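Working notes, beginning with the structure itself.
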Amino acid sequence: MISLSEVQERIFGSVRRLESCEVPLRDALGLVTAVDIVAGEAVPPFANTAMDGYAVRAGDTEGASPGSPVRLAVVAELPAGMGPTTPVGPGEAIRIMTGAPMPGGADAVVMVERTEPAGDGAVLVHEAVGAGTHVRPAAGDLAPGDLVFPAGTVLGPAHLGVLASIGIRDAPVVRRARVGVLSTGDELIEQGTLAPGQIRDSNRPMLLGLVADAGIEAVDLGSARDDESIIRRTLEDAFASCDAVLTSGGVSVGDYDYVKAAIDRIGRLEWQQVAIKPAKPLAFGMVGERPVFGLPGNPVSSLVSFELFARPALLQMMGHERRFRPVVPAMAEHAMHRKPDGKLHLDRVRVELRAGSFRAARTGDQASNVLSATAAANGLALLPDGDGVAEGDPVDVMRLDWPADH
Ligand code: AMP
Ligand code: MG
């Protein structure tokens, strides 16, 4: 058995970052910028009003109050989307709407709530305003030449908005990985009545979901029989269009475990027994520059193996610096016993914040075929080799519901 960290190091040392390309903003969510983004335009492009009200010369409002308002002649109206044509002269005001450009001559805005219509095209101003009041200056957010986001930034929704604001329609990013998901096993069916010995393929929908959830393009490769040449051909076909492939099943030491052999035929196999429970067997291989993760068949093992090896490796390929789920210190709600066996145990737990600290409780049967307990979990309690932890003891929990922090 090899330690978890050693296997991870080997895998993360093998995978290569994908190429960069330009991607329309609508397809760029979650991708990583490949270069520094520098503003080519000012945001906002012109000085404009932050309020609905009146554009004025601040000096004209001196001494204004509700008791002794200042009367100004309203010479124009300026909605957002129009360029100003009329300037504001002494004793004048322009009715202006949020986002409209500041007209010439005006240096402040009085919000409409501090004014009162005076009839015959005039307005009474109840408040004295200083120069710049309610004015959003040109380039107040970004100026041309500003570094907007450094290379390596993960694009969230607000980042996409910022890119749009500086006129970028296609974001320079590291390409999104395309990852195939293949189930293996003669016993698997997708639909219909179960014949004796058959079970339903649960790994494929789960793994497709885990891939998609990580912001990666998931490709359904279906299910292959336990036949080395079928698995090999399916993998070869998949690598014609995929950057990586995940298989499940066929990687333990049973007589029908052909995935290892198939990977070895088309690439370099590193078959490993990792010192963890669940998910001990892992058939990792490289087919040229592209990884194939032969995940274990038991659904819980498949998920844990994906989380520990495939997810961070795939995020690394997509240029993510932070690719590991956060680990939080929690308190065990009850004893979590285990036996010393040289492995790190990863128990499926529900972790909740209560009275200022995280509390972790197992979500049910911890056998590696019991997926329902995993579905109810939002974390993996990390139980180092030994006897486990007692009730109230500290226990580290990897959050499966939080993206990545390191
Ligand atoms: P294997 O490593 O192929 O022997 O599979 C280990 C266990 O996982 C067996 O009980 C398989 O039936 C089960 N298994 C394998 N693949 C799947 C799958 N796609 N969905 C559900 N169970 C599976
Ligand atoms: Mg099998």
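The values are calculated or read from the model by the stated rules, or taken from the named source; none is laboratory data. It should be emphasised that the depicted structure is a prediction, and the values quoted were computed from it without experimental measurement. Here the Cβ is made from the backbone with ideal geometry for all residues, glycine too, and neighbour counts use every protein chain on show. Accessible surface is based on the protein model in full, side chains and every heavy atom, while ligands, DNA and RNA are left aside. Shrake-Rupley method; radii C 1.70, N 1.55, O 1.52, S 1.80 Å.
Before moving on, here are some points about what is shown:
- Take every DSSP beta bridge whose two residues both sit in segment 48-136; close to 80 percent of them are antiparallel.
- Helix 203-213 and the longest principal axis of the C-alpha atoms of the chain enclose an angle of approximately 30°.
- FRET efficiency estimate (nearest 0.05) - Cβ-Cβ, ASP141 to GLN273, R0 56 angstrom: 0.55
- Taking the square roots of 5 times each eigenvalue of the Cα gyration tensor of segment 327-399, largest first, gives ellipsoid semi-axes of 18, 15, 10 Å.
- Against the main long axis of the alpha-carbon atoms of the chain, helix 228-239 sits at an angle near 20°.
- Computed from backbone phi with θ = phi - 60° and the Karplus coefficients 6.51, -1.76 and 1.60, the 3J(HN,Hα) list for segment 107-115 is 10, 7, 10, 9, 5, 4, 5, 9, 9 Hz; x is used for glycine and proline.
- The chain - percent of accessible surface contributed by carbon and sulfur, probe 1.4 Å: 52
- Nearest-0.05 FRET efficiency for ALA212 and THR86, computed from C-beta distance (R0 56 Å): 0.55
- Inter-site label distance for GLU19 and TRP402 at 7 Å from Cα along Cβ, in nm: 3.7
- Average Cα contact separation per residue, segment 48-136, under 8 Å, 6 or more apart, as relative contact order %: 43
- Between ALA375 and ILE230, the contour length at 0.36 nm per residue exceeds the alpha carbon distance by 49.1 nm.
- Computed across segment 291-367, the Kirkwood hydrodynamic radius from all distinct Cα-Cα pairs reaches 14.8 Å.
- Taking each DSSP H run with n ≥ 4 as -39500 (n - 2.57) and averaging over every residue of the chain yields -5000 deg cm²/dmol at 222 nm.
- Size estimate for segment 48-136 follows the Kirkwood approach: the inverse of mean 1/r over distinct Cα pairs works out to 12.2 Å.
- By DSSP, the beta bridges lying fully in the chain are antiparallel in about 70 percent of cases.
- The convex hull drawn around the Cα atoms of segment 131-213, when projected onto a plane and averaged over every direction, covers 10.1 nm².
- If R0 is 25 Å, the Cβ-Cβ spacing of GLU41 and ALA151 corresponds to a FRET efficiency of close to 0.80.
- Database remark: amide H of ILE37 closer than 5 angstrom to the amide H of VAL148, PHE149, ALA151 (H placed geometrically; neighbours at sequence offset of 5 or more, or on other chains; Pro and chain starts carry no H).
- Cα-based helix-to-principal-axis angle, 4-14 vs the chain, degrees rounded to 10: 70
- Long-range amide H partners of ALA330 with built H, under 5 Å: VAL395, ASP396, VAL397
- In Å², nearest 10: area of HIS126 left accessible to a 1.4 Å probe: 40
- Per-residue HN-Hα couplings for segment 293-302 [Karplus 6.51, -1.76, 1.60; θ = phi - 60°; Hz; x = Gly/Pro]: 9, x, 7, x, x, 4, x, 5, 5, 4
- The chain - Kirkwood radius from inverse mean 1/r over Cα pairs (Å): 25.5
- Karplus-derived 3J(HN,Hα), 6.51/-1.76/1.60, for each residue of segment 133-150, Hz, glycine and proline x: 4, 6, 9, 8, x, 4, 6, x, 8, 9, 10, x, x, 5, 6, 7, 9, x
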